[in-house]
Amino acid sequence: EESGDKAKTEAMLKAILKIRPDAEPVKAKLKELEEAVFVDQQEVVDLDTGKGWITTGVYVAKGERVRIEAIGSYKLIVNDELGPEGYRSEDGKGADFFDGAPTGSLIGVIVPPGGQPGKKKDGPQPFLIGSKKELDPQAAGLLVMRVNAPANAKCVGKLKVRLSGNISKSPQ
């Protein structure tokens with residue numbers, strides 16, 4: 001660790017654990033190294049909830065852990081006539097509404113280079129972030145976010161989103 005090469009240190013600790021799986025100090029040091037990336041690499045994004053898909057300017061790598069934490073509140077205003085089934089039809093929800101997350105929740109998608117966010121069946125799929133999410137991305141790309149709101153909803157306010165872990169300001 002004194003050499004400053006965290007990757008070599010981590011590999012060495014994992015090798016020690018293969019020989020001595022019960023070595024608690026080694027486990028603790030390994031966990032400390034794994035958590036350090038969340039302190040060393042951070043970006044904060046002010047997300048305007050009224051803007052639709054917002055780029056974070058942050059790229060993620062496939063399989064490399066990322067932590068997303070969001071705070072704040074905003075107003076979601078919907079002036080629509082609904083039946084007892086709520087927003088079940090595609091007409092009321094709009095193209096970017098994601099059925100896999102509660103209405104109004106923070107969602108994200110990892111867009112590969114040259115791609116577009118959205119709900120296309122063959123494109124990158126949105127995922128629920130909510131107030132906190134740790135993920136090991138299934139693909140590399142640019143992280144974009146929005147609140148999950150019906151097409152005719154008006155959102156007013158901002159969320160503060162902290163991104164940390166294995167993130168970069170340029171494609172990897």
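Where a number appears in this text, it was derived from the coordinates with a stated rule and is not lab data. What you see is a predicted model, and the numbers here were worked out from it, not measured in a lab. Using ideal geometry, Cβ is built from the backbone for each residue, glycine included, and neighbour counts are taken over all protein chains shown.
Assorted remarks:
- Theoretical gain in end-to-end length, LEU33 to LEU128 [0.36 nm per residue, Cα-Cα removed]: 31.5 nm
- Where only alpha carbons of the chain are counted, the Rg and the Dmax (Å): 19.6, 65
- Helix 24-40 axis versus longest C-alpha principal axis of the chain: approximately 50°, rounded to the nearest ten.
- Computed extension gain for VAL156 through ILE19, at 0.36 nm per residue and net of the alpha carbon distance, reaches 43.7 nm.
- The range 21-106, Rg to Rh (Cα coordinates; Rh as Kirkwood inverse mean 1/r): 1.14
- In the chain, helical runs assigned H by DSSP with n ≥ 4 each contribute -39500 (n - 2.57); averaged across all residues and rounded to the nearest 500, the mean residue ellipticity at 222 nm is -6500 deg cm²/dmol.
- Links that overshoot a 25 Å alpha carbon limit, given the list LYS31/LYS133; LYS62/LYS169; LYS62/LYS132; LYS51/LYS132; LYS14/LYS132: LYS14/LYS132
- Residues ASP99 and ARG65, FRET efficiency given R0 of 25 Å [Cβ-Cβ distance, rounded to 0.05]: 0.40
- Dipole magnitude for the range 42-168: about 300 debye, using +1 per Lys or Arg Cβ and -1 per Asp or Glu Cβ, origin at the Cα centre.
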